[in-house]
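Q: Below you'll find the structure I mean.
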Amino acid sequence: MTFFKTALAGVIATSFSIGAVFAEPITIKFSHVVPASGHPKGEAVEFFKQLVEERLAGKVVLEVYPSGSLYGDNKVLEAMQLGDVQLAAPSLAKFERFTKAFQIFDLPFLFEDSKHAEAFQNSDSGRSILGEMEKAGFVGLDYWSLGMKQLSANKPLLTPADAEGLKFRVQPAAIIGSQMRAIGANPQVLAYSEAYNALQSGVVDGAENPWANIWSAKFFEIQDGITETNHGAMGYVLVASTDFWGGLPDDIRTELRSIIDEVTVYERKIAGERNATARQSILDAGSEIRELTPEQRQAWVDAMRPVWNEYQDEIGADLIEAASTTKSN
Ligand code: LMR
C-alpha cells in the first residue's frame, strides 16, 4: 500500500513536472504604429521584449508588431477589447472617447515641456485619470512620453493667419479639432499610417507632430519646413484589457509589472534624446525649422488658448489648475 502510494505520488509528480516543462508559454501581442528603432516608443517596446526574454523565458513570449503591421492606432483599442491583441501604447488623444478626463493632455499650451507633463502624470491627479480607464475595460499600466508637438504645412507657417483655410491631419480627439478650428484651419481625422500619403497627395496640407514622428515617418520630406511651436505635449498610455491583465497568473503579472516599471523609466529617458536627434537629422536633411520669437509664439497662444474655455467644464477647472501648477521634477 505504502509502495503503491509512493509510486502514485511519483507518477503525479512526474506528470506535473512534465506539464510544467511543456506548458505553452503565454503569447502577448504588442501592436504599435511607429518603427522599432529611432523612436522612443519603438525602442522601448524592443527593450520590453528583451527583458521578457531574459526574465520570463518559457513562460511568456512577447510578439511585437511595429509600424502598424497588425493594427492601426484607430483600431487597436477595439481589437484589445475583443482579445485579439494584449498590449499597445496609443497616444493619449486616442483615449478621449473612453474618458473625457484624457482631454486635459491635449489642451494647447498647457504643458511647458515633456517634463512638466510627466510630473503631472505622476501626480495623484494624473494617476487617477489612468484609473478611470477601468470603466471602459482597460488597465492603464503607465504613461510613456513622446515629446512636444510642432506644426507643419505645405507652406511656411509663422503666424496663425498662415494656417487659415488649410487642412490639417489630426488624431481622433475633439479638442485637437477645436484647436485647429481656432486658428481658422480644417481638421481632418486620419489614422497615423494614412498621414504621409494624405500629406503627399494633398488630401491634407499640414499636421502636428513631435520631432521623433516628423523624422521617423519622413513628414519633413513633404512639408515646407517645420514651425517650432511646442504647443502641446504628446504621450502614450501603455494599456491592456482588464480581462487579460486580471487573468494572468499572479507571478507572471508581478514580473511583468516590474519589467514595465523599468521600461517606463527607460522610455522617458530616451524620449528627449530621440527627439533632439530627430530635430538635428531634419535640419541636416536640409529642411527648414522655423523658431518663433516670444512675440510670434504668443500670437499662437492667443489664437489657440480660447479652446480651454470650451472644454473647461468637461475636464474640470480643478484638474486644469492642478496640471498648470504642477512643478517639473
Ligand atoms: C499619431 O497618431 O499621431 C500618434 O499617435 C502616432 C504615435 O503613436 O506616435
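The values are calculated or read from the model by the stated rules, or taken from the named source; none is laboratory data. Everything numeric in this text was worked out from a predicted model, so none of it was measured. Please note: Cβ atoms are built from the backbone with ideal geometry, for glycine as well, and neighbour counts cover all protein chains shown. Quick note on the areas: whole protein, heavy atoms, side chains included, nothing else; ligands and nucleic acids left out. Shrake-Rupley method; radii C 1.70, N 1.55, O 1.52, S 1.80 Å.
Q: Show the residue pairs meeting these rules: Cβ distance below 8 Å; 6+ apart or different chains; first residue within segment 256-275 and more than 20 Å from Gly58 (Cβ to Cβ) and in a helix (DSSP H, G or I); second residue open to solvent by less than 30 Å² (accessible area, probe 1.4 Å) and basic (Lys, Arg).
A: If the second residue must be open to solvent by less than 30 Å² (accessible area, probe 1.4 Å) and basic (Lys, Arg), the pairs left are Glu267/Lys41.
Q: Please determine whether any residue of segment 246-268 is of a type in the set (Lys, Arg) and within 20 Å of Asp106 (Cα to Cα). Give the derivation first.
A: Our first condition is that a residue be of a type in the set (Lys, Arg); within segment 246-268, this holds for 253, 257, 268.
Then keep just the ones that are within 20 Å of Asp106 (Cα to Cα); that gives 268.
Yes: segment 246-268 contains one or more residues that are of a type in the set (Lys, Arg) and within 20 Å of Asp106 (Cα to Cα).
Q: While we're looking at this one, here's another question. Is it the case, given these coordinates, that Asp84 is more than 30 Å from Ile226 (Cα to Cα), modelled with pLDDT of 95 or more and over 16 Å from the mean Cα position of the chain (by Cα)? Please lay out each step first, then the result.
A: Working: more than 30 Å from Ile226 (Cα to Cα): yes; modelled with pLDDT of 95 or more: yes; over 16 Å from the mean Cα position of the chain (by Cα): yes.
Yes, satisfied.
Q: Taking the condition touching a Pro at 6+ places or on another chain (Cβ under 6 Å) and within 12 Å of the ligand (Cβ to nearest atom), does Met180 pass?
A: Working: touching a Pro at 6+ places or on another chain (Cβ under 6 Å): yes; within 12 Å of the ligand (Cβ to nearest atom): no.
In short, no.
Q: Here's another thing I want to ask about it. For segment 291-318, which positions are modelled with pLDDT of 95 or more, hydrophobic (A, V, I, L, M, F, W, C) and assigned to a helix (DSSP H, G or I)?
A: If the condition is that a residue be modelled with pLDDT of 95 or more, hydrophobic (A, V, I, L, M, F, W, C) and assigned to a helix (DSSP H, G or I), then Ala299, Trp300, Val301, Ala303, Met304, Val307, Trp308 are the ones that fit.
Q: If only one of Gly286, Gly246 is in a helix (DSSP H, G or I) and surrounded by fewer than 14 Cβ atoms within 10 Å (Cβ to Cβ), which one is it? Full working, then the answer.
A: Values: Gly286 fails: in a helix (DSSP H, G or I).
Checking each option against the conditions leaves just Gly246.
Q: Got a sec? Which strands (runs of 3 or more DSSP E) wholly within segment 98-207 have at least 2 residues that are within 30 Å of Gly246 (Cα to Cα) and among the aliphatic types (A, V, I, L, M)?
A: On the way: elements: 138-148, 150-153, 167-170, 186-189.
The qualifying strands (runs of 3 or more DSSP E) are 138-148.
Q: Oh, and also: Please go through segment 130-158 and give me each residue that is open to solvent by 40 Å² or more (accessible area, probe 1.4 Å) and over 30 Å from Ile259 (Cβ atoms), ordered by number.
A: Those that are open to solvent by 40 Å² or more (accessible area, probe 1.4 Å) and over 30 Å from Ile259 (Cβ atoms): Asn154, Lys155, Pro156, Leu158.
Q: If you go through segment 67-81 one residue at a time, do you hit one that is over 16 Å from the mean Cα position of the chain (by Cα) and crowded, with 19+ Cβ neighbours inside 10 Å?
A: yes
Q: Sticking with this one: Given the condition within 24 Å of Gly272 (Cα to Cα) and aromatic (Phe, Trp, Tyr), answer yes or no: does some residue in segment 135-150 qualify? If you could, list the steps in order and put the result at the bottom.
A: Applying the first criterion (within 24 Å of Gly272 (Cα to Cα)) to segment 135-150 yields 140-150.
Still in the list and also aromatic (Phe, Trp, Tyr): 143-144.
Yes, the conditions are met somewhere in segment 135-150.
Q: Would you mind stating whether Leu56 is buried (at least 19 other Cβ atoms within 10 Å of the Cβ) and more than 16 Å from the ligand (Cβ to nearest atom)?
A: Values: buried (at least 19 other Cβ atoms within 10 Å of the Cβ): yes; more than 16 Å from the ligand (Cβ to nearest atom): yes.
So Leu56 fits the description; yes.
Q: Could you go through segment 30-40 and let me know if any residue there is open to solvent by 10 Å² or more (accessible area, probe 1.4 Å) and closer than 22 Å to Arg257 by Cβ.
A: Kept after step one, since they are open to solvent by 10 Å² or more (accessible area, probe 1.4 Å), are these residues of segment 30-40: 33, 35-38.
Add one more test, that the residue is closer than 22 Å to Arg257 by Cβ, and what stays is none.
The answer is no; no qualifying residue exists.
Q: Next up: Out of Arg97, Arg127, which single residue is within 16 Å of the ligand (Cβ to nearest atom), charged (D, E, K, R) and open to solvent by 10 Å² or more (accessible area, probe 1.4 Å)? Talk me through it step by step, then tell me what you get.
A: Working: Arg127 fails: within 16 Å of the ligand (Cβ to nearest atom).
Step by step, each of Arg97, Arg127 is checked, and only Arg97 is within 16 Å of the ligand (Cβ to nearest atom), charged (D, E, K, R) and open to solvent by 10 Å² or more (accessible area, probe 1.4 Å).
Q: Does segment 223-243 include one or more residues that are free of Cβ contacts under 8 Å to residues at least 24 places away in the same chain, surrounded by fewer than 24 Cβ atoms within 10 Å (Cβ to Cβ) and either farther than 22 Å from Ser69 by Cβ or polar (S, T, N, Q) (or both)?
A: Looking only at segment 223-243, we keep the residues that are free of Cβ contacts under 8 Å to residues at least 24 places away in the same chain, and these are none.
No.
Q: Kindly check whether there is at least one residue in segment 132-153 that is over 20 Å from the mean Cα position of the chain (by Cα), free of Cβ contacts under 8 Å to residues at least 40 places away in the same chain and within 21 Å of Val301 (Cα to Cα).
A: no
Q: Could I ask something else about it? Could you give me the residue pairs with C-beta distances under 6 Å whose first residue belongs to segment 168-197 and is of a type outside the set (Lys, Arg), whose second residue is open to solvent by 40 Å² or more (accessible area, probe 1.4 Å) and in a helix (DSSP H, G or I) wherever it lies, and which are 6+ apart or on separate chains?
A: Ser178/Glu310
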